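The structure under discussion appears below in the form of structure tokens.
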Amino acid sequence: MATDRYLPALPQMTGDLHTDASGVQLTLTAFLIGVGLGQLVLGPLSGRCGRRVPLLAGGVACVVTTAFCALAPSLEWLVALRFVQGFSGAAGVVIGRAVIADVPRGETAARLFGVVMALTGLAPVVAPVAGGVVIENGGWRTVFWVLATATVLAVAVAAVAVPESLPGTGAVREARSRRRGASWSAASARRRSCAPACTSWSPAPPRSPRSPWPVPSP
């Protein structure tokens, strides 16, 4: 939704930022470059230190840069901020898919990936229409304030509803430790329950070295 939501305000932005249409389009290019580089960096980073921290850090950085985009005094500032916005916003793109790959399996994972792909294809179509409605009532800077608010809500939902999902880190490691402890306790209980039966067993009487029949007890 942040890619091209402000494009209906292109003529207004050229006047406010004292540039031409190609200069405003440069902000879109900077955003797309940031998204591409962010996926290359944040994807491997989330595989090393976990999903949750890079996801939330990227979301917070995206909120801050989106708010600064609404306050950008010049085209140069807006281009730089759009690059950082795309880089930090890439956390939601790449890490969101990684979380889906970590947790669900089979049909559930396929269904969730289908939903993500549908939203990814729909957002660039809906964004300019929604942006046009916002621009009519508040101008192009209001678009970034709306995006910042939506990003705050998304980060809050992620902080509450998205646990650490990378195997071997954080809560996943603790959950596995609890499961191993429960399995060990259950095995110990089974061994203790069979102990009386094992102790009540008596061996057979000894046999004579020369006779196959048991030696009678005295």
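What follows draws every value from the coordinates through simple rules; no lab data is involved. Fair warning: this is a prediction, and the values are worked out from it, not measured in the lab. Positions of Cβ are generated from backbone atoms using ideal geometry, with glycine treated the same way; all protein chains shown enter the neighbour counts.
Structural remarks
- A dipole drawn for the range 27-131 from +1 and -1 charges on Cβ atoms has a positive end, and of Leu78, Val103, Met117 the residue lying farthest that way is Val103.
- Using the Cβ-Cβ distance between Ala130 and Gln25 with R0 = 25 Å, the FRET efficiency computed as 1/(1 + (r/R0)^6) comes to roughly 0.80.
- Cα centre as origin, Lys/Arg/Asp/Glu Cβ charges: the range 7-171 dipole, Debye: 480 debye
- Projected label points at Ile33 and Leu119, each 7 Å from Cα along the beta carbon direction, are separated by 2.9 nanometres.
- Translational D in µm²/s for the range 7-171 (Stokes-Einstein at 10 °C, 1.306 mPa s, Kirkwood Rh from C-alpha pairs): 94 µm²/s
- The range 42-90 and the range 22-39 have their alpha-carbon centroids 12 Å apart.
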